[in-house]
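These notes are about the structure you will find just below.
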Amino acid sequence: MSPFRRPIHGVLAAGLIALVACASAQMSPTGTASLMSRLSGASEVPPTQSEAKGNLQGTLDKGSRVLTWTLAVSGLSGPPTGAHFHGPALPGENADAAAPITVTGQPTDNGVVTLTARQMEDLLAGRWYVNVLTAANPSGEIRGQIMVAPQPQ
């Protein structure tokens, strides 16, 4: 065997071990996941003409399945009449409400909800969205798919 092959194999093996370790950390059943969503009328199904915008930031504790969230909205056609987490659904699909979101009409609302194991699985797989309702848009004025935020490296 060539002396040059041995170091390359070692480098490849080390790279493979590092890749598996990173993948295991990403899929770990414990720890936390940072979540985010950008809400708009264009994301509603069917889309609305709303110029409103929203931003959801959340943290999911995978061990306890507790989701802590902050929702900021602006430019709605009127006060919010409700909001919900929905799923499972991919972008362009509609789903039933999975958990309520308390909205006060203030620029920012915060909350906490405990998920079932299946809900957490769907949320982490990108199959949940957040929907904000108003009197003018009782099915939803703005919506955004919830995604796991990239982790800084």
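Computed from the coordinates by the stated procedures, all read-outs in this text should not be read as laboratory data. Computed from a predicted structure; not experimentally measured. Cβ placement follows ideal geometry from the backbone for every residue including glycine, while neighbour counts extend to all protein chains displayed.
Give me the number: length gained by fully extending ASN94 to MET147, i.e. 0.36 nm times residue separation minus the C-alpha to C-alpha distance, one decimal in nm.
17.4 nm is the gain from fully extending ASN94 to MET147.
Using the Cα centre as the reference, give the magnitude of the dipole from point charges on the C-beta atoms of the range 31-148 (Lys, Arg: +1; Asp, Glu: -1; all else neutral), rounded to the nearest 20 debye.
Roughly 200 debye for the range 31-148.
Label the range 31-148 by shape, choosing from rounded, prolate and oblate, from the square roots a ≥ b ≥ c of the eigenvalues of the Cα gyration tensor; if a/c is under 1.5 it is rounded, and otherwise prolate applies when a/b is larger than b/c, oblate when it is not. Don't skip to the end; give the middle numbers.
Numbers: a/c = 2.00, a/b = 1.51, b/c = 1.33.
Prolate shape, in that a/c is at least 1.5 and a/b is the bigger ratio.
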